[in-house]
1. For residue 92, which of the numbered conditions (1) surrounded by fewer than 16 Cβ atoms within 10 Å (Cβ to Cβ); (2) modelled with pLDDT under 90; (3) touching a helix residue (DSSP H, G or I) at 6+ places or on another chain (Cβ under 9 Å) fails to hold?
2. Considering region 154-182 alone, what residues qualify as being within 13 Å of residue 32 (Cα to Cα), assigned to a loop (DSSP other than H, G, I, E, B) and modelled with pLDDT under 80?
3. Being closer than 30 Å to residue 51 by Cβ and either in contact with a strand residue (DSSP E or B) (Cβ under 6 Å, 6 or more places away or on another chain) or in a loop (DSSP other than H, G, I, E, B) (or both) is the filter here, so list the residues in region 66-114 that pass it.
4. Looking at 105, 116, which one is touching a helix residue (DSSP H, G or I) at 6+ places or on another chain (Cβ under 8 Å) and over 30 Å from residue 174 (Cβ atoms)?
5. Which of the residues that make up region 44-82 are over 21 Å from the mean Cα position of the chain (by Cα) and touching a residue at least 40 places away in the same chain (Cβ under 8 Å)?
6. Tell me yes or no: at least one residue of region 123-130 is more than 15 Å from residue 34 (Cβ to Cβ) and modelled with pLDDT of 90 or more.
7. Give the residues of region 19-34 that are surrounded by fewer than 14 Cβ atoms within 10 Å (Cβ to Cβ) and either in contact with a helix residue (DSSP H, G or I) (Cβ under 9 Å, 6 or more places away or on another chain) or modelled with pLDDT of 90 or more (or both), sorted by residue number.
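The values are calculated or read from the model by the stated rules, or taken from the named source; none is laboratory data. If you're wondering where the values come from, they're calculated on a predicted model, not measured in any experiment. Here the Cβ positions follow ideal geometry from the backbone for every residue, glycine too, while neighbour counts run over all protein chains shown.
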């Protein structure tokens, strides 16, 4: 009697487990490598070139500021013994002000909220939207339940190549994966 009661109580749990297992086996999962897809997209090269030109001008300005700071330091070292305490203090303040100005410029241009990353986000957004639309189209057409991107922070410990739909996404974008540049 006791075994009968246990069997009757555990039967719904066993059925639920069986149904969940069967459902999980029917799910179709794919993945993309967005870095690979981006490397094949011609417009991504244009974004990279634009960002490179933009940042080069800023790097040149930073190099110029570094030279000015270096020159002020050399001048200070060479004439320090000739300065009065007040002039010495003033020169040190000038050097510190130049250093702070350089650091602020660096932060404004390349900091986490800087112009470089804002511009990068602005330029990449249309490309990312285009990729996302292509992923959605491929996933819906091929019946995928989930599609992961293995290029970001999410990493696969193992993934079968047969579930990689990156080339399908490129084809959806109108790019021949074999002809596009790497």
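1. Tallying (1) surrounded by fewer than 16 Cβ atoms within 10 Å (Cβ to Cβ); (2) modelled with pLDDT under 90; (3) touching a helix residue (DSSP H, G or I) at 6+ places or on another chain (Cβ under 9 Å), residue 92 fails exactly one: (2).
2. Within region 154-182, 154, 155, 156, 159, 160 meet the criteria.
3. 111, 112, 113, 114
4. None of the others qualify; the one that does is 105.
5. 58, 61, 62, 65, listed by residue number.
6. yes
7. Answer for region 19-34, where residues must be surrounded by fewer than 14 Cβ atoms within 10 Å (Cβ to Cβ) and either in contact with a helix residue (DSSP H, G or I) (Cβ under 9 Å, 6 or more places away or on another chain) or modelled with pLDDT of 90 or more (or both): 28, 29.
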